[in-house]
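Visitor: One structure follows; several queries about it will come next.
Bear in mind that the values in this text are calculations on the coordinates, not laboratory data. A quick note: this is a predicted structure, and the numbers were derived from the prediction, not measured. FYI the Cβ positions are ideal-geometry reconstructions off the backbone, even for glycines, and counts take in every protein chain you see.
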Amino acid sequence: MLRIKIQNKYYLKCTVCSHITPNFWTWFEQEQQCPKCGSKHSEVWYNRRYQRLKRFTQGEPESFWRYFPYLPLLRRRHIVSKKEGAIPIEKWSFLEEYAKTKYGLDIDVHVCRNDLNGGTGTFKDIAASLAASIFKEIGIKQYCIASTGNSATAYAKYLSLAGVNCSVFMPEDAIVASEATISSYGQQVFRVMGDYAKAKEIAAGYADMHNIPMSTGNIDPIRIEAKKTMVFEWLRQMDKFPDVYIQAVSGGTGPLAIDKGIREIKHVYEDLKNPRFLLVQTDGCDPMVQAWEKAEAAGFPEGFEKDYPIIDNPRTEVPTLATGNPGTYPILAKLVQKSGGTFLRMKEKNLASVGKLVAYEQKVIPGPASAVCIAGFFIALQKGLIKNGETVLLNTGEGPNRAPLFLEQMIYTTRKVRNVEQCKPHEIENFREQLWNEVTP
Ligand SMILES: Cc1ncc(COP(=O)(O)O)c(C=O)c1O
Ligand SMILES: [Zn+2]
């Protein structure tokens, strides 16, 4: 822990009234909000020269901590890391070939597989690593979070590593494997009888009652700062900045952070602009898609972004994405519109088929939320949303160990046998057509 609070590396600035909060000690003292206007949306800015960033976006770093000068931590000794956030971006040629043969498109398809992260193998590891490090530095000992699983799992692990207690509020339908993981680290789980919105509500009450800080969700400056390093990683790893970005969306920290990252360095990288955001939800929980379709049909009238439905107790097999009340939609919708992107809906009944196909072609088994993202790629092609010559980036958030029941749906080659005569050798090739037909009939 560091007691000297005077520093000039970074500051937080309110996005509504521009009030400056000098550091994270003060930010937490003022209950993670602007003392002047009450907004919870502040952004971190740095008194740094960005010319130096070019030196950092080279080589083979171990983690996103390579970008330490542009992260809101003062002392490296407080870093809590498990090698996250500098994962190799893969090129998936089977998707490129498909786009070529079926649609005549020459495109580059890259996949950032967050299951390769060292902490818990999800999207959430970098944010949890930064949070744990900041808490270690400023001396926070108790924290709480409401989560459908992946955030909580990551925070539970990294905060344990930092010696911070983390109370986790999970909705009734959260995946048991996540609950078990969190519990195994010794962190407290509260399973809330109700949906994600209910879990958030109880967590907020608990935070209030015990004066424990709680994650403020998708606009949490800690999460945004961690995830903005995605942009730095693209500069480091990709020959060309992506034209199209596809992600399964729940609250939308991903696109918000990309936008922040680009604004932060635009004065040195003048040509950078947001990729077109194609954000995917399933038909089990699609409030953003519904809102977007309505706005689109009406020609995006003034204030369209404020009009969105709230889905109570969404019935979905992908609890990771079960944000029925998308509070960030107003900011996100504007961002997506400006980027020239859109929101897409995939059918949950196709999830396992997408999973099987990817495992067969790429030998990578996606978790359910990752399958949602990849399904979005196929839908984008079908709708003509990707143009010839473009570079596409799929950001997949999790592997299959998140959801054992999803993994079980991958079984399709098994034959039950009683004697040796029933067992015959097979040809892997023979499965291909069947698998493709399931995904793109
Ligand atoms: C695997 C996975 N994909 C996608 C998401 C959606 O993330 P975002 O907060 O950017 O909507 C999450 C988080 O909820 C996730 O864990
Ligand atoms: Zn303010």
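Visitor: Calculate one ³J(HN,Hα) per residue across the range 127-136 by plugging θ = phi - 60° into the Karplus curve 6.51 cos²θ - 1.76 cosθ + 1.60, and present them in order as whole Hz with x for glycine and proline.
Guide: My calculation for the range 127-136 gives 5, 5, 5, 5, 4, 4, 5, 5, 5, 4 Hz in order.
Visitor: Can you list the residues of the range 386-420 with backbone N under 20 Å from a point 7 Å past the Cα of Glu296, pointing along Cα to Cβ?
Guide: Within reach of a label on Glu296, which here means backbone N under 20 Å from a point 7 Å along Cα→Cβ, the range 386-420 contributes 386-388, 392-395.
Visitor: What is the percent of Cα-Cα separations in the range 88-441 that go past 38 Å? Present the calculation step by step, with values, prior to reporting the outcome.
Guide: Numbers: 10429 of 62481 pairs.
For the range 88-441, the fraction of Cα-Cα distances above 38 Å is 17 percent.
Visitor: Continuing with the same structure: Collect residues whose amide H, placed 1.01 Å from N in the peptide plane, falls under 5 Å from the amide H of Tyr10; neighbours closer than 5 in sequence don't count.
Guide: The list, which skips near neighbours in sequence, is Asn47.
Visitor: Only sites in a loop by DSSP and with at most 16 other Cβ atoms within 10 Å count here; which chymotrypsin sites (Phe, Trp or Tyr not before Pro) in the range 385-441 make the cut?
Guide: Working: sites: Phe406, Tyr412, Phe431, Trp436; in loops: Tyr412.
Answer by residue number: Tyr412.
Visitor: Using a Cα-Cα cut-off of under 27 Å, which lysines could be cross-linked to Lys83, ignoring same-chain neighbours fewer than 8 residues away?
Guide: Counting by Cα, and skipping residues close in sequence, Lys83 has these lysines nearby: Lys9, Lys54, Lys91, Lys124, Lys136, Lys141, Lys157, Lys227, Lys228, Lys240, Lys260, Lys363.
Visitor: Given a Förster distance of 25 Å, report the FRET efficiency between Gln188 and Gln33 from their Cβ-Cβ distance, rounded to the nearest 0.05. Numbers along the way, then the final one.
Guide: Numbers: r = 25 Å, r/R0 = 1.00.
Rounded to the nearest 0.05, the efficiency is 0.50.
Visitor: Using only Cα atoms and rounding to the nearest 10 degrees, what angle (0 to 90) does helix 93-103 make with the longest principal axis of the chain?
Guide: Its long axis makes an angle of about 60 degrees.
Visitor: Also, I was wondering about something else. May I ask you to evaluate 6.51 cos²θ - 1.76 cosθ + 1.60, the Karplus curve with θ = phi - 60°, for each residue of the range 280-289 and list the ³J(HN,Hα) values in order in whole Hz, giving x for glycine and proline?
Guide: 10, 10, 9, 5, x, 7, 10, x, 5, 5
Visitor: I need Asp243, Asp106, Asp283 ordered by Cβ neighbour count within 10 Å, fewest first. Present the calculation step by step, with values, prior to reporting the outcome.
Guide: Numbers: Asp243 18, Asp106 10, Asp283 13.
The fewest-first ordering by Cβ neighbours comes to Asp106, Asp283, Asp243.
Visitor: How far is it, in nm, from the label point at Glu433 to the one at Asn165 when both lie 7 Å from their Cα along the line to the Cβ?
Guide: 6.3
Visitor: For the range 298-441, give the magnitude of the charge dipole about the Cα centre (Cβ charges: +1 Lys/Arg, -1 Asp/Glu; no others), in debye to the nearest 20. Could you put the intermediate results ahead of the total?
Guide: Values: 17 positive and 15 negative charges, 31 e Å.
Charge dipole of the range 298-441: 140 debye, to the nearest 20.
Visitor: Taking amide H positions as placed 1.01 Å from N in the peptide plane, with prolines and chain starts having none, which residues 5 or more places from Phe169, or on another chain, fall under 5 Å of its amide H?
Guide: Ile145, Ala146, Ser147, Phe190
Visitor: For Arg276, what residues show an amide H to amide H distance below 5 Å, using hydrogens built from the backbone and excluding near sequence neighbours?
Guide: Val244, Tyr245
Visitor: Moving on. Run the lone-cysteine check on the chain: no other Cys C-beta under 4.7 Å from the residue's C-beta.
Guide: Flagged as lacking a Cys partner: Cys112, Cys144, Cys166, Cys285, Cys373, Cys423.
Visitor: Could I ask something else about it? Counting just the Cα atoms, what span does the range 88-243 cover along each of its three principal axes? Round to the nearest Å and put the largest first.
Guide: 59, 35, 26
Visitor: Same structure, new question: Rank Met346, Gly299, Phe190 by how far each Cα sits towards the positive end of the charge dipole of the chain (+1 on Lys, Arg Cβ; -1 on Asp, Glu Cβ) and give me just the farthest.
Guide: Selected residue: Phe190.
Visitor: How would Val372, Val289, Val417, Val16 line up from fewest to most surrounding beta-carbon atoms within 10 angstrom? Don't skip to the answer; put the middle values down first.
Guide: Working: Val372 31, Val289 20, Val417 10, Val16 13.
Least to most surrounded, the residues fall as Val417, Val16, Val289, Val372.
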